[in-house]
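Heads up: the structure comes next, in structure tokens.
The values are calculated or read from the model by the stated rules, or taken from the named source; none is laboratory data. No experiment lies behind these values; they were computed from the predicted model shown. For neighbour counting, all protein chains shown are included, and Cβ atoms are generated from backbone atoms with ideal geometry for every residue, glycine included. These accessible areas exclude ligands, DNA and RNA; they are computed on the full protein's heavy atoms, side chains included. Shrake-Rupley method; radii C 1.70, N 1.55, O 1.52, S 1.80 Å.
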Amino acid sequence: MESIYLIRHAKAEGQEPYASLTDEGCSQAEKLADVLSGHGISYIVSSPWKRAVQTAMPLGAAIEQHIHTDERLQERVLSTKDLPDWMDVLKRTYEDEDWAAEGGESSRVAAARALALLKECWRRPERHGAVVTHGNLLSLIIRYYDPSFGYAEWAKLSNPDVYVLKREQESTSEEEYEEGKQPAISRLWLD
């Protein structure tokens, strides 16, 4: 692939895996499809969680592509315990990428699963792909490419949101990217 569109799902009714998009979120997903359908996307992979798949569906219909799902794109597990102070816990995970709350994933572990999927995407034959995920996991992916992206930047993400990873046209060999050459990242979605 030459580019990957990283997409945060549209507005949803909740945070549970089965939470649906709100009516506004459904409208946002339609608008997102209108915007992205002209970008040459021919492969879509989504978190299996309902709100992510619902966000991807209008784009899939617009470009006549199947939506693949992959559990590696589901939202990061912050903890298996109820956390009244979850924002403080989340902030700590940006300050210490190896720290995890009880039963949760560290930032490093969560990012690694998403980045493994992206590595597979880069090797696909399609020129442009879309990856639909959740806010915290999206922020960890962005942070990999832009280490200055942290808790404050996560808090500014919108629903939906879109960032684009693009490889340089002159140099798209897989070996160079595996040796540390990074694609450019930019924000596409302006809410």
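Inter-label distance, ASP146 to ALA112: 2.6 nm, where each label sits 7 Å from its Cα along the C-beta direction. For the chain, the antiparallel share of DSSP beta bridges with both residues in that region comes to about 45%. A simple spin-label model places the labels of GLU71 and SER186 3.7 nm from each other, with each point 7 Å out along Cα-to-Cβ. Protein heavy-atom surface of region 121-172, 1.4 angstrom probe: 47% of the accessible area is carbon and sulfur, with nucleic acids and ligands not counted. For the pair LEU83 and GLU13, the difference between a 0.36 nm per residue extended length and the Cα-Cα distance amounts to 23.3 nm.
What area, in nm² and to one decimal, does the C-alpha convex hull of region 1-103 cast on average over all directions? So the Cα hull casts an average projection of 7.9 nm².
Shape descriptor for the chain: Rg over Rh equals 0.95 (Cα atoms; Rh from the Kirkwood inverse mean 1/r). The residues of region 56-165 expose, per residue, 48 Å² of accessible area to a 1.4 Å probe.
Computed packing ranks the peptides 41-50, 81-90, 21-30 as 41-50, 21-30, 81-90, most packed first, by mean other Cβ atoms within 10 Å.
Computed per residue of the chain from DSSP H runs no shorter than four, each worth -39500 (n - 2.57), the mean residue ellipticity at 222 nm is -12000 deg cm²/dmol.
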